[in-house]
Amino acid sequence: MSSRLKLLCAVLCLSLLPVLWLRKNAVDTHDQMLALLEEVKNRTPIENEYLGSAALEGLNQRLAHAVTGSDRMTILWERAPLALRLGMVDEALDDLRTVQELFTELRPGLSPDACLEFEVELHFNLAVAHLRKGETENCVHCQTGESCILPIRGEGVHVHPAGSRQAVHHLQQVLQRQPGHLPAKWLLNVAHMTLGSYPDSVPSPYLIEPSKFESEASFPRLANVAAQAGLSTFGLAGGAIVDDFDGDHLLDVIVSDWNTSSELRYFRNDGDGSFSDRSHEAGFRGVFGGLNLRHADYDNDGDLDILVLRGGWLAAGALSPNSLLENDGAGVFRDVTFDVGLGDVHYPTQTADWADFDNDGFLDLFIGNEDVPSQLFKNTGQRHFIDVAARAGVENRRYAKGVTWGDYNDDGFPDLYVSNLGSSNRLYRNNRDGTFTDVATEKDVAQPTESFPAWFWDFNNDGALDLYVGAYDIRERMHSFVADFLGLPNSAEFDLLYQGDGSGNFVDVSGEKRVARVTLPMGSNFGDIDGDGFLDYYLGTGFTEYEALQPNRLFLNRAGEHFDDVSAASGMSHIQKGHGVSFADIDNDGDRDVFIVMGGAYPGDGFTNALFNNPGFDHHWITIKLVGQQTNRSGIGARIHVALNESGKRRSIYRWVTSGGSFGGNPLRQEIGIGVSSQIEFIEVTWPTSRKSQRFENVGVDQFIEITEGQSEYRRLDVPSFSLPSGDRSPR
């Protein structure tokens, strides 16, 4: 070998050393995360109060040494709900029946008031356990597209009726003793629906009139086609993202399950109405858990990466690390959490959001933690983050459940809203110098005190960002929800809608826009479901306990004037617990379908995810993908203005590039319905980093386009379309 060739080989080897080191280090840190997640899984039975069995085992030991009937009754009373939560329905029912027998023996020594109170609670718990048995035997294992859709009818009626029949008996026992027990009244009507005996067999004093279950407006029915599409996976609470992760212009689906032994799932869109499970090929083997997911192109390489959030609802100090999964561009991921500086400490969380808070072209990350300091990670642009929350003044130190970025005062810098459960919310105004000031009280947006999801959006298309904050007031559990549903007075906090003026001020318009309701949302998102250009929203509702059989809610935006509840008519009033929600044009036909992760917090409360196929509304549309140059590559934070002329009347539609609400991920491409307009007068994009605007006139409708920052022309994308499985499209 010549000396020149030897020198060339040496230089080449030296140049490859950093790459080889990074690859080796990346593999090592990926394995480091997998080992940590395996440790969390192994510690779950002892440490996790929702998923573990340690408390139940402790009660079993106490029961073995119990001597008196009173002691046995006390222990069984504690053990029954724990068994039910773990999916041991028959064992829970046996415990409750034994409690009932022991109570009969002990009754003479108790006061009449104490006896009445206990009997009400006992019969209610027996009813809930029997209802869960009925759900398990019918909806979970014998599921149809109409299972658990309120009002329940048709194929949703239970084939195995024993559970609901027993529930009816016990609920009537509750109501005979306490006629004003609203949760029992609600569940009695639901139980009769599952038996096919509603409304005729419901005793008149306890009947909820069928009109109460009707929608406030007519709406086409969206069929749940998850099973036919290959997306009806079974699990617990988790997150959802719908976006293109492999660059083929087809939207894929990624879901998580907060169960510490459940892996992340990646469903590749096959382009024919079906999805293939590519989870292990994507690198998700051993990537356990995740209560929520947030996606963005953090390293500006042109593909979408994923943040997995863990530890929500658990005590501070619980070993539940978050994960940043880096995409190689082909839908294959590796964990880079420790590489990039996001894994130094592990805090409980289920909410985060991406934004470029300092407009340097690199996406930063705010993670809202629970009762510990929240974190603001500044992206250095070198595949590394630094936590600057303390210096920036955004540690919050409250129980954060929802976070969202938005430039509410239109000064070119994104501001931050933090929704806190049990304390006032924060609106952190960006001071444009790396610091923030909480102005929530000053701007009258600190409520509700018991809140969960939140998002910035422009619900009335006036070009100013508005703010939605969902109330999560479960202090009276189901009572307040049922009271509100029936139009009765109650003391719970309502969902709130704050209308912005673009100059930094807000007005509470919740009442006049018909948003002020008790919905108890967890997972949630917004999107234009009917293609009229106005954003609608869908709430995944409920709380941890099994009694929370309440419908998920779809609210239709009436041209910014108000919102109508069309949950029942749409067929989207699913009564299982809803979490990650995504509005997305999954079949590329111009309308937005809705995917939602179902399932509760406890092992016995699992359910299958749902995909609601949009039948279409004969409206035109435009889908826009932004490619940042000075601005971050995803275009997050950019504003899109679409100007229309409808029969001589001009109107505008505004969108800000985000993934939607604070619990679920929409595609970052903006899918914009434009109603009956057959031509777009102009599209104007304002980029946050360069602060430059681009304007494109006389744009054709019903197409996918790509706009690159700084380029004078847009590019039309050749995007394949197909059909999802169809279903009943008739209005109700």
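Within region 513-536, residues that are under 18 Å from Y498 (Cα atoms) and without any contact (Cβ under 8 Å) to a residue 12 or more places away in the chain reach no partner that is open to solvent by less than 10 Å² (accessible area, probe 1.4 Å) and not in a loop (DSSP other than H, G, I, E, B) with beta carbons closer than 9 Å at six or more positions or on different chains. In the set S276, S261, only one residue is in a loop (DSSP other than H, G, I, E, B) and open to solvent by 30 Å² or more (accessible area, probe 1.4 Å); that residue is S261. A184 meets each of the listed conditions (1) open to solvent by 10 Å² or more (accessible area, probe 1.4 Å); (2) modelled with pLDDT of 95 or more apart from (1). Within region 118-130, the presence of at least one residue that is within 25 Å of I596 (Cβ to Cβ), crowded, with 22+ Cβ neighbours inside 10 Å and at pLDDT 95 or above is confirmed. Taking (1) assigned to a helix (DSSP H, G or I); (2) under 26 Å from A318 (Cα atoms); (3) in contact (Cβ under 8 Å) with a residue 24 or more places away in the chain in turn, E49 satisfies each apart from (1). Scanning region 287-322 for residues that are open to solvent by less than 40 Å² (accessible area, probe 1.4 Å), in a loop (DSSP other than H, G, I, E, B) and within 30 Å of D587 (Cα to Cα) yields a total of 9.
Selection within region 415-438: residues that are closer than 13 Å to D358 by Cβ and part of a loop (DSSP other than H, G, I, E, B). The member of this set that is most open to solvent (accessible area, probe 1.4 Å) is R432.
The set of residues in region 489-504 that are in contact (Cβ under 8 Å) with a residue 60 or more places away in the chain and assigned to a loop (DSSP other than H, G, I, E, B) comprises G502, S503, G504. Regarding region 152-169, can at least one residue be identified that is outside any helix (DSSP H, G or I), touching a strand residue (DSSP E or B) at 6+ places or on another chain (Cβ under 8 Å), at pLDDT below 95 and more than 21 Å from P81 (Cβ to Cβ)? Scanning region 152-169 turns up no residue that is outside any helix (DSSP H, G or I), touching a strand residue (DSSP E or B) at 6+ places or on another chain (Cβ under 8 Å), at pLDDT below 95 and more than 21 Å from P81 (Cβ to Cβ).
Counting the residues of region 593-634 that are in contact with an Asp or Glu (Cβ under 8 Å, 6 or more places away or on another chain) and among the hydroxyl-bearing types (S, T, Y) gives 3. Take G700 and decide whether it is modelled with pLDDT of 95 or more and on the phi > 0 side of the Ramachandran plot. Against the criterion (modelled with pLDDT of 95 or more and on the phi > 0 side of the Ramachandran plot), G700 does not qualify. Of all residues in region 475-533, those satisfying the criterion of being open to solvent by less than 50 Å² (accessible area, probe 1.4 Å), farther than 20 Å from R558 by Cβ and polar (S, T, N, Q) are S480, N490.
Of the strands (runs of 3 or more DSSP E) lying entirely inside region 352-414, the ones with 1 or more residues being under 18 Å from F663 (Cα atoms) and under 20 Å from the mean Cα position of the chain (by Cα) are found at 364-369, 400-406. Once region 465-474 is narrowed to residues that are open to solvent by less than 10 Å² (accessible area, probe 1.4 Å) and within 17 Å of G422 (Cα to Cα), the residue that is nearest to the chain's Cα centre (by Cα) is G470. When restricted to residues that are at pLDDT below 95 and under 33 Å from the mean Cα position of the chain (by Cα), region 59-115 contains 0. Of all the numbered requirements in (1) in contact with a Phe, Trp or Tyr (Cβ under 9 Å, 6 or more places away or on another chain); (2) farther than 24 Å from W354 by Cα; (3) not in a strand (DSSP E or B), V507 misses one, and that requirement is (3). Every test in (1) under 18 Å from A569 (Cα atoms); (2) buried (at least 18 other Cβ atoms within 10 Å of the Cβ); (3) hydrophobic (A, V, I, L, M, F, W, C); (4) in contact with a strand residue (DSSP E or B) (Cβ under 6 Å, 6 or more places away or on another chain) is passed by F219 save one, and that test is (4). Checking each residue in region 215-238 for being part of a helix (DSSP H, G or I) and either acidic (D, E) or farther than 20 Å from E155 by Cα (or both) picks out no residue at all.
Sub-6 Å Cβ pairs linking a first residue in region 153-166 that is closer than 12 Å to G571 by Cβ to a second residue that is of a type in the set (F, W, Y), at least 6 apart or interchain, number zero. Of all residues in region 55-74, those satisfying the criterion of being under 30 Å from E263 (Cα atoms) and open to solvent by less than 40 Å² (accessible area, probe 1.4 Å) are L56, G58. Among the residues of region 647-705, just one is part of a loop (DSSP other than H, G, I, E, B), open to solvent by less than 30 Å² (accessible area, probe 1.4 Å), free of Cβ contacts under 8 Å to residues at least 40 places away in the same chain and not hydrophobic (A, V, I, L, M, F, W, C), namely G700. When A66 is tested against the conditions (1) part of a helix (DSSP H, G or I); (2) more than 21 Å from L126 (Cα to Cα); (3) of a type outside the set (V, I, T), the lone failure is (1).
With (1) open to solvent by 50 Å² or more (accessible area, probe 1.4 Å); (2) assigned to a helix (DSSP H, G or I) as the list, and N189 as the residue in question, which single condition is left unmet? (1) is the only condition that N189 fails. For region 331-344, indicate whether the set of residues that are under 21 Å from the mean Cα position of the chain (by Cα), part of a loop (DSSP other than H, G, I, E, B) and surrounded by fewer than 24 Cβ atoms within 10 Å (Cβ to Cβ) is non-empty. No: zero hits.
Checking each residue of region 610-620 against the condition of being open to solvent by less than 20 Å² (accessible area, probe 1.4 Å), closer than 22 Å to H249 by Cα and in contact with a helix residue (DSSP H, G or I) (Cβ under 8 Å, 6 or more places away or on another chain) gives at least one match.
The values are calculated or read from the model by the stated rules, or taken from the named source; none is laboratory data. Just so we're clear, the structure is a prediction, and the values are computed from it rather than from any experiment. Cβ: placed from backbone, ideal geometry, glycine included. Neighbour counts: every protein chain shown. What goes into the accessible areas is simple: the full protein's heavy atoms, side chains included, and nothing from ligands, DNA or RNA. Shrake-Rupley method; radii C 1.70, N 1.55, O 1.52, S 1.80 Å.
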